[in-house]
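Peer 1: I'd like to ask you about the structure that follows.
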Amino acid sequence: MAVYSTVMNPIQTVLELAGGPVALTRELNKRISRPVTYQAVLKWARQGRLPRTEWTGETNYAKAMSAAVGGRVKVRELLQKPVRGESVDAAAAQVAANDQAREVVNG
């Protein structure tokens with residue numbers, strides 16, 4: 001089992017629990033009506049927040065993300081706004097990019 005840093009935001013935690021951006025994107029696209037790309041998922045993780053459409057009721061990404069990891073990260077956690085100035089560590093972003101590349105190569 002992986003050890004999670006306290007500096008990870010909830011979206012990054014979901015990303016890791018799901019097995020990376022490609023795996024999470026596949027799971028999300030099974031649960032939502034309008035497909036998303038893994039690039040969008042990486043952007044959400046980097047920014048630490050979901051898009052505006054989540055609060056206007058146009059999308060249900062938080063619910064789908066929570067379901068994708070068996071409820072280990074709650075919808076309310078995913079809908080929390082990040083602390084001002086909070087950013088993703090560059091090393092964590094590189095690890096996520098490397099994981100995504102490995103998944104694409106390995107299928």
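Peer 1: Does V36 count as among the β-branched types (V, I, T), modelled with pLDDT under 95 and part of a loop (DSSP other than H, G, I, E, B)?
Peer 2: The answer is no for V36.
A quick yes/no check of all residues on (1) buried (at least 16 other Cβ atoms within 10 Å of the Cβ); (2) touching a helix residue (DSSP H, G or I) at 6+ places or on another chain (Cβ under 8 Å); (3) of a type in the set (D, E, K, R); (4) in contact (Cβ under 8 Å) with a residue 60 or more places away in the chain:
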site	(1), (2), (3), (4)
L28	yes, yes, no, no
L42	yes, yes, no, no
G57	no, no, no, no
K63	no, yes, yes, no
S66	yes, yes, no, no
G70	no, no, no, no
V73	yes, yes, no, yes
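Peer 1: So T6 ticks every box in (1) at pLDDT below 85; (2) in contact with a helix residue (DSSP H, G or I) (Cβ under 6 Å, 6 or more places away or on another chain); (3) among the polar types (S, T, N, Q) but one. Which box is left unticked?
Peer 2: All conditions pass for T6, except number (2).
The values are calculated or read from the model by the stated rules, or taken from the named source; none is laboratory data. All of these numbers come straight from a predicted model, not from anything done at the bench. Cβ atoms come from the backbone with ideal geometry, glycine included; neighbour counts cover every protein chain shown.
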